[in-house]
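A.B. asks: Quick one: structure below, then a few questions.
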Amino acid sequence: MNTRGLPVALAVSGTRRILWLECRSGECLQAALANDDWPRPQRDPQKVTERDKAQNHRTYFAGRDVSGSRRSDPRMRRSFFSVLLASLATLYLLLFAPSGLHGQTFNLQAEREPVASLDGLWRFHTGDNPAWADPNFDDSQWTLVRSDEPWDQQGYKNYGGFAWYRFTVAVPEGNRDWSIYLGPMETGYQFFVDGHLAGSFGPILNSRNYVLSSRAFAISPAAAGPRTFHIAIRAWHSPVWAGYALGGFYGSSYFGDSRFIAQRAATARSIQWNGLVDEYTYAVLCTVVGLVVLVLFFIRREEREYLWFALLLLANAIDIGLIISRQLALVPLPVFDFIDGSVQSAALLAALAFFSVVLRAPRSRTWWLVAALLFISPPAVFLYVFNISSVAIAGLLAALAVLPATVWILATLFKRALQRDRDALILLVPTLLWQGVPFINNILLITWQLGWQRWAVTWGFPLLTKPFVLMPGPAVGTIFIFALLLFLIRRFSLARQEETRLSSEFESARNIQSLLFPAKPSATPGFCHRKRLSARQ
């Protein structure tokens, strides 16, 4: 076998080496494989001197010294090209030639994720009956409704009370841990599997609270398939909130393997957090700037506008934290309404004090009346908690209590701006943006509660949707913060300059006074002090 020019890989002392065969038979290869060594080619002793043998840096090929010459042997060139062609041929065979290796085959029937969307038509019926949880109950006469839309949009507008959903899920053969992911719903519900209570979320028969959040429930114990699960959901939507919040499920629901359902639940929670990026970014900004302004107040305690602005920003940060916790269903609604109303009233009270100082507006009876109305807003929550009035009346009273404070701030700003007050002209635009959004929201809420319009409860649309959601409130609030921060820094700088000027003038006046009226009068010839004259007499 002609093995000339073919590379052979041998493991020698843990190192992989490439050797070149220069023999014309397989004896060299066999000897190398058998003795783990390579037969050295015979050298011509006449062409190798003793001096050459003593020098290890000499290189011999086929008995000839090639270390001192840059011209390679023709046989070396042929060997090199032979190896190159063999390598290219091997690469071609591996890449393009048919072989026993096959690409991965994807089977959508056998290897798909065991998760199914439950968005579709569910059986629906208003009322309450424990027998409706029985898997053998005949629900063929029930209404079909979309599972991912509130029932208010499907013929049950302003309905409050109990309502039941029913559907079935068929699972394939095999032992798995199954779970269900239910979309967000107002108030609360109970979840039944094959007639047994498997979980619940939110209040039942409690008109003082409602929640809005998605949840995942495990189907326990794990069941072997194939089989069919009979699912029944007993939903409760408080009549107190029926005209204020929509009833039924809001989003998509899923059923499948517990691992994948857990992943979908985590993804949904991440999306929910991403939707609040603008809110908690604004809260962090309010906190940082508020603390910085509070430091300025401790430097200049006589200027109270720094204190009021710092309290305003810190109250806004607390309010946003409450809103985030409410959206994540971490705080009960009555507790949220009372604390949030108190924090908002404190923020508006700080705003009234701040603008009365910087605009040099006297705190008249009107100012004190507007400030007193702010204390009515937080207790309004107890009107619906103790069933004294409806949620609509309580919300209307709370909105009417805080509206005069916004009106006083804007009216005072316009009045001072018309008088060409420099501070009012600087603060006019950012304050209009900051108070404009809540002012419009309060007007919409009041007109909604009074029945004058039905197209919007609040005014809010995303300014951005990618890479994150940006709502008008945090956007205009951020503009207001930076504008007021620059205003206060300018005010602080001008005050320092005025102090420096007054201090310099005072020092000059003292110097002039010391020259005109020295502490020790100098002796003047012919002039005698009255006390000395009287002493002589």
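Just so it is clear, none of the values below were taken in a lab; they were calculated from the coordinates. As the structure is a computational prediction, the values presented were derived from the model and not from experiment. With ideal geometry, Cβ positions are generated from the backbone for all residues, glycine too; neighbour counts draw on all protein chains shown.
A.B. asks: Could you pull out the GluC sites (Glu not before Pro) across segment 283-332 that fall in loop regions by DSSP (anything but H, G, I, E, B) with no more than 10 other Cβ atoms inside 10 Å? Mind showing how you got there, number by number?
C.D. replies: Details: sites: Glu302, Glu303, Glu305; in loops: Glu302, Glu303.
Here the sparse-neighbourhood loop sites are Glu302.
A.B. asks: Would you grab the residues whose amide H sits under 5 Å from the one on Asp148? Only those 5+ places off in sequence or on another chain, please, with H modelled 1.01 Å from N.
C.D. replies: Gly120
A.B. asks: Let me spell out the model: positive unit charges on the Cβ of Lys and Arg, negative unit charges on the Cβ of Asp and Glu, origin at the Cα centre of segment 447-519. What dipole size does that give, in debye rounded to 20?
C.D. replies: Working: 7 positive and 4 negative charges, 75 e Å.
Magnitude of the dipole: close to 360 debye.
A.B. asks: Next up: What translational diffusion coefficient, in µm²/s and rounded to a whole number, does the Stokes-Einstein relation yield for segment 415-481 at 20 °C and a viscosity of 1.002 mPa s, taking the hydrodynamic radius as the Kirkwood radius over Cα pairs?
C.D. replies: Values: Rh = 13.8 Å.
The Stokes-Einstein estimate is 155 µm²/s.
A.B. asks: Here's a follow-up. Using amide H atoms built in the peptide plane, which far-off residues or other-chain residues are under 5 Å from His125 H to H?
C.D. replies: Trp164
A.B. asks: In what sequence, highest mean first, do 139-145, 502-508, 389-395 appear when ranked by Cβ atoms within 10 angstrom?
C.D. replies: Details: 139-145: 13.7, 502-508: 9.9, 389-395: 18.6.
Highest-to-lowest ranking by the protection proxy: 389-395, 139-145, 502-508.
A.B. asks: In nm², what is the average projected area of the convex hull enclosing the Cα atoms of segment 115-268?
C.D. replies: 8.4
A.B. asks: So what's the projected area for segment 275-495, the Cα convex hull averaged over all directions, in nm²?
C.D. replies: Hull-based average projected area comes out at 13.4 nm².
A.B. asks: Limiting things to C-alpha atoms, what are the Rg and the maximum Cα-Cα separation (Dmax) for segment 360-443, in angstroms?
C.D. replies: 15.6, 51
A.B. asks: Something else: Given the peptides 247-253, 509-515, 335-341, arrange them by the average over their residues of other C-beta atoms within 10 Å, most packed first. Don't skip to the end; give the middle numbers.
C.D. replies: Numbers: 247-253: 21.9, 509-515: 9.6, 335-341: 19.3.
Listed from highest to lowest mean packing, they are 247-253, 335-341, 509-515.
A.B. asks: Moving on to the next point. Step through the residues of segment 304-309 one at a time and calculate ³J(HN,Hα) from phi using the Karplus curve (6.51 cos²θ - 1.76 cosθ + 1.60, θ = phi - 60°), rounding each to whole Hz and writing x for Gly and Pro.
C.D. replies: 6, 4, 5, 5, 5, 5
A.B. asks: Right, something else. How large, in Å, is segment 251-333 by the Kirkwood hydrodynamic radius built from its alpha-carbon pairs?
C.D. replies: Result for segment 251-333, one decimal place: 15.3 Å.
A.B. asks: Order of 262-275, 158-171 by packing, highest average Cβ count within 10 Å first? Could you put the intermediate results ahead of the total?
C.D. replies: On the way: 262-275: 13.5, 158-171: 17.9.
So the order, starting with the most tightly packed, is 158-171, 262-275.
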